[in-house]
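One structure is given below, encoded as structure tokens.
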């Protein structure tokens, strides 16, 4: 089965984060990486990563002419990091969140020289401002928005265009 370019990019992001989950040398022991189903089939856990898609917007100034023309789009991926330290933990929650965010950003930006093109699927990527997840009594954390810009043929979202 073929997947649209945006789904292929999402798969690369998940793969990079799962590698962090399996890295025994990481500073944070990631418990799981989740892409929720329709009914959000997960329970928040300590050191959990939840990936969802946000807005997908057109970027007409990056379109290219041709037959068919190449259409540029920017997809927002929300990378939510959940931390639920023990009540006996004396470390500041923000320290847990900062360490977790740094580990995730480092995992996403590997390999460093070409991280932003996600295996030749995208033309650019950037992290947006971090958005704190306020504690509601269950968990704290941060959302790290990742904006990925890519091009496809106007009439074929399965075909990458440079």
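Every read-out reported here was derived from the displayed coordinates using simple, explicitly stated rules and does not represent laboratory data. Treat the numbers as computed from the prediction; the structure is a model and nothing was measured.
Here the Kirkwood formula, the inverse mean of 1/r across different C-alpha pairs, assigns the range 1-44 a hydrodynamic radius of 12.1 Å. Working from Cα positions, state the angle (0 to 90°, nearest 10) between the long axis of helix 5-21 and the longest principal axis of the chain. The angle comes out near 30 degrees.
Secondary structure note: in the chain, about 90% of the DSSP beta bridges are antiparallel. Here is the size of the chain from its Cα atoms: Rg then Dmax, 17.2, 63 Å.
Report the gain in length on full extension from residue 95 to residue 159: 0.36 nm times residue separation, minus Cα-Cα distance, nm rounded to one decimal.
Residue separation times 0.36 nm, minus the Cα-Cα distance, leaves 18.8 nm.
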